[in-house]
Amino acid sequence: KEKSKCLWNDAKIGKRCSHCESRSTPQWRTGPLGPKTLCNACGVRYKSGRLFPEYRPAKSPTYDLKKHSNLHKEILRKR
């Protein structure tokens, strides 16, 4: 049997990341609004103290190349 990808896709119930609004992630993580409110990428950044408003995963539906970046050094340069 083919092994399916372990991705949460909760489009039916409307679950999304409270930071980047992504709907699919391998794991939901704790954020400022409580448990399971951030996608994996944003949750890792939040835990390390590097989650800035300019950060977005490249696959995020709200990613805008002019406003956002997924590289921490680039975000610091923009600030």
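Considering only residues that are among the hydroxyl-bearing types (Ser, Thr, Tyr) and open to solvent by 70 Å² or more (accessible area, probe 1.4 Å), look in segment 26-47 and name the one that is farthest from Gly14 (Cα to Cα). Let's see the steps before the verdict.
In the first step, residues of segment 26-47 are kept if they are among the hydroxyl-bearing types (Ser, Thr, Tyr); the result is 30, 37, 46.
Add one more test, that the residue is open to solvent by 70 Å² or more (accessible area, probe 1.4 Å), and what stays is 30, 46.
Numbers: Thr30: 18, Tyr46: 22 Å.
Per the criteria, the residue is Tyr46.
If I filter segment 54-63 for residues that are surrounded by fewer than 19 Cβ atoms within 10 Å (Cβ to Cβ), touching a helix residue (DSSP H, G or I) at 6+ places or on another chain (Cβ under 8 Å), without any contact (Cβ under 8 Å) to a residue 60 or more places away in the chain and closer than 21 Å to Leu76 by Cβ, do I get at least one hit? Let's see the steps before the verdict.
Step one: of segment 54-63, the residues surrounded by fewer than 19 Cβ atoms within 10 Å (Cβ to Cβ) are 54, 58-59, 61-63.
Okay, now just the ones that are also touching a helix residue (DSSP H, G or I) at 6+ places or on another chain (Cβ under 8 Å), so 54.
Keeping just the survivors that are without any contact (Cβ under 8 Å) to a residue 60 or more places away in the chain gives 54.
Checking the rest, the ones that are also closer than 21 Å to Leu76 by Cβ come to 54.
Yes, there is a match, as at least one residue in segment 54-63 is surrounded by fewer than 19 Cβ atoms within 10 Å (Cβ to Cβ), touching a helix residue (DSSP H, G or I) at 6+ places or on another chain (Cβ under 8 Å), without any contact (Cβ under 8 Å) to a residue 60 or more places away in the chain and closer than 21 Å to Leu76 by Cβ.
The values are calculated or read from the model by the stated rules, or taken from the named source; none is laboratory data. All figures in this text were calculated on a predicted structure; none of them were measured in a lab. Note that each Cβ is placed from the backbone with ideal geometry, even for glycine, and that neighbours are counted across all protein chains shown. Heads up: the accessible areas ignore ligands, DNA and RNA and are worked out on the full protein's heavy atoms, side chains in. Shrake-Rupley method; radii C 1.70, N 1.55, O 1.52, S 1.80 Å.
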